[in-house]
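Here the structure comes first, spelled out in structure tokens, and everything after it is commentary.
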Protein chains: 2
Amino acid sequence: MSTSGRGLHGHVLERLGPSITAGEYPPGSVLRTDELAQRFEVSRSVMREAVRVLESMHLVESRRRVGVTVRPTNEWNVYDPQVIRWRLAGADRPRQLRSLTVLRCAVEPVAAGLAAKHATAEQCAELTECALGMVAHSRGHKLEGYLVHDIAFHRIVLNASGNEMFARLGDVVAEVLAGRTHHQVMFEDPDPAAVTLHVQVAEAVRAGDAGLAESLTREVVLGALQELDILSPEG
Amino acid sequence: MSTSGRGLHGHVLERLGPSITAGEYPPGSVLRTDELAQRFEVSRSVMREAVRVLESMHLVESRRRVGVTVRPTNEWNVYDPQVIRWRLAGADRPRQLRSLTVLRCAVEPVAAGLAAKHATAEQCAELTECALGMVAHSRGHKLEGYLVHDIAFHRIVLNASGNEMFARLGDVVAEVLAGRTHHQVMFEDPDPAAVTLHVQVAEAVRAGDAGLAESLTREVVLGALQELDILSPEG
DNA sequence: CGCGAACAAAAAGTCAGACTTATACGTCAC
DNA sequence: GTGACGTATAAGTCTGACTTTTTGTTCGCG
């Protein structure tokens, strides 16, 4: 599940990181390394390593004679999977989920189009397998099983696109789907239309029909966005 | 220009990071902290901080009794601006530039569509100003001036989209445009058609025509991709 | 000959303390 | 009020000793 549990500094990060992304220390707040080290009961060296990592995420900035200041939100490395996870665990998960889903709307259709051209036979097989798995878990409170296949499906599409930047969004999509299933009030069973669309996408990719794969995937992800907007406000 | 020049550990990063992304230490290679500290003439504490940062970028993994091993390329945090910069400075800049431009193709049209709906009057003004600035520098070897306005233009569109994830791609686009201008063999003057398109995009956004803004931006970014493919091979 | 357990070595991890350096802020002279 | 100067502060750096985990080897037993 969590990535940075390794080592003392990782443990500190998992406590301090979410605090910052949650806005517990608003941008401009100043923290002192020594004080933090005391609070988390670690040596300064360990604390410094943790601060360095937060700094590399652009969450904080460390300056002499000043301390460790929290940077404005719009400077954070919001594509860092760790940051995404921390933010999704926080209070403004809904807005976060929406931002990410909009990103999906932009990326995934294009990725599916490319996948239709570049996917190997093996990837096509895996894709249909996932789609069938989704169908199999689409009725009767099997949300967990459905989720697993859903994540795998989208990951394969992104990988099959052949574009490295798309492929690396697999983790992001996984987090979004998992967050939606676990934390949102999800309908008892997934939307049957969405299930059908996934099957059709798999078929379009196998057939090499880029245009169809793209527009079908657009429907999938637009549907996901719509579902999100139903559950939370915002225009 | 560079972000992590601050402190000794930042200096180490700027030397070691590029080496890794350049493939100088292939995935699976094992480095030892002490050895690195000696090589860069810094203390182990400083070296450890640098390694922690590389670890947070998923470039390396540090394990006891083993050392610091370079992770497979497909696990790197390729959205980290620092990593992007390192890779763009390396040998496989062409492929990198292409991946990023394909990402632009997916994201920017959607962002422009949203910008048409969400942009403030001030943002619209800035946008037209940038477009006019591009026109003004479109002829007579004024590539640097053109670049500045080009970057600003796309950054404004991404910001005006109102989507945080899009907005944070501003730096990425800036790197791509700068890389294209500085390192690729660029035509003497920018494509006149592209310049016109930018002006039209600005107008469409101001008019609130989302569909038009989206399709015009798609032309812009597809043109950029085509230009890239002309200069380097690959199917 | 194969296999498991105990052992030893290696490298990261952790800590404490002393020292250096940059810099924000207050003070004082003008 | 403005500028130069000094000082206090917190990060930055280094060193050395110690701990912990893990790998690989060796040795004994079946």
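The values are calculated or read from the model by the stated rules, or taken from the named source; none is laboratory data. Predicted model only: the values in this text are computed from it and were never measured. Neighbour counts run over all protein chains shown; Cβ positions are idealised from the backbone, glycine included. Heavy atoms of the whole protein, side chains included, go into the accessibility calculation; ligands, DNA and RNA do not. Shrake-Rupley method; radii C 1.70, N 1.55, O 1.52, S 1.80 Å.
Points worth noting:
- Size of the A/B contact, given as accessible area buried on both chains, probe 1.4 Å, in Å²: 3200 Å²
- Calculated label separations, A:E122, copies of the chain, 7 Å along the beta-carbon direction, nm: 5.4
- As a length-normalised measure over Cα pairs under 8 Å and 6 or more apart, the relative contact order of the range A:7-75 settles at 37 percent.
- When +1 charges are put on Lys and Arg Cβ atoms and -1 charges on Asp and Glu Cβ atoms, the dipole computed for the range A:26-164 relative to its Cα centre reaches about 580 debye.
- Within 10 Å of the Cβ of each residue in A:110-121, the mean number of Cβ atoms contributed by other protein chains is 1.
- Structural size metrics of chain A, computed from C-alpha coordinates, are Rg and Dmax of 20.4, 63 Å.
- Packing-based ranking, highest mean first, of A:92-99, A:206-213, A:153-160 given that Cβ atoms within 10 Å are counted: A:153-160, A:92-99, A:206-213
- Dividing the mean sequence gap of close Cα pairs (under 8 Å, 6+ apart) by how many residues chain B holds gives a relative contact order of 20 percent.
- Of all accessible heavy-atom area on chain B, the percent that carbon and sulfur account for (1.4 Å): 52 percent
- Other copies of A:E61: label-to-label distances in nm, shortest first, labels 7 Å along the beta-carbon direction: 3.5
- Selection from B:G208, B:Q38, B:H182, by position along the positive dipole direction of chain B (Cβ): B:Q38
- Label zone at B:H11, where the point sits 7 Å out along the Cα-to-Cβ direction: the range B:47-79 residues whose backbone N lies under 11 Å: none
- Along each principal axis, Cα extent of the protein assembly as shown, largest first, Å: 68, 56, 43
- Amide H contacts under 5 Å for A:G67: none, restricted to partners 5 or more places along the chain or on a different chain, H placed in the peptide plane at 1.01 Å from N.
- Take B:E24, move 7 Å from Cα toward the beta carbon, and the resulting point lies 4.0 nm from the same point in each other copy, nearest first.
- Look at the stretch B:57-65: the mean tally of other chain Cβ atoms within 10 Å of its residues' Cβ atoms is 2.
- Selected from A:S232, A:G28, A:L197, residue furthest toward positive end of dipole (chain A; charges at beta carbon): A:G28
- The order of the peptides B:107-114, B:132-139 by mean Cβ neighbours within 10 Å, most packed first, is B:107-114, B:132-139.
- Sequence-ordered 3J(HN,Hα) estimates for the range B:127-137 from the Karplus curve with 6.51, -1.76 and 1.60 and θ = phi - 60° stand at 5, 5, 4, 4, 4, 5, x, 5, 4, 4, 9 Hz, glycine and proline given as x.
- Helix B:210-231 and the longest principal axis of the C-alpha atoms of chain B enclose an angle of approximately 60°.
- Per-residue ³J(HN,Hα) for the range A:35-51, Karplus 6.51 cos²θ - 1.76 cosθ + 1.60, θ = phi - 60°, Hz, x for Gly and Pro: 4, 4, 4, 4, 4, 8, 6, 10, 6, 5, 4, 4, 4, 4, 4, 4, 4
- Coil-residue GluC sites (Glu not before Pro) of the range A:177-222, DSSP, other Cβ within 10 Å capped at 15: A:E188
- Entry comment: accessible area of the range A:71-129 is 38 Å² per residue, from protein heavy atoms only and a probe of 1.4 Å.
- Computed from backbone phi with θ = phi - 60° and the Karplus coefficients 6.51, -1.76 and 1.60, the 3J(HN,Hα) list for the range B:15-25 is 9, 7, x, x, 4, 6, 5, 6, x, 5, 10 Hz; x is used for glycine and proline.
- Helix B:93-118 and the longest principal axis of the C-alpha atoms of chain B enclose an angle of approximately 50°.
- Number of partner chain Cβ atoms within 10 Å, mean per residue of B:79-85: 3
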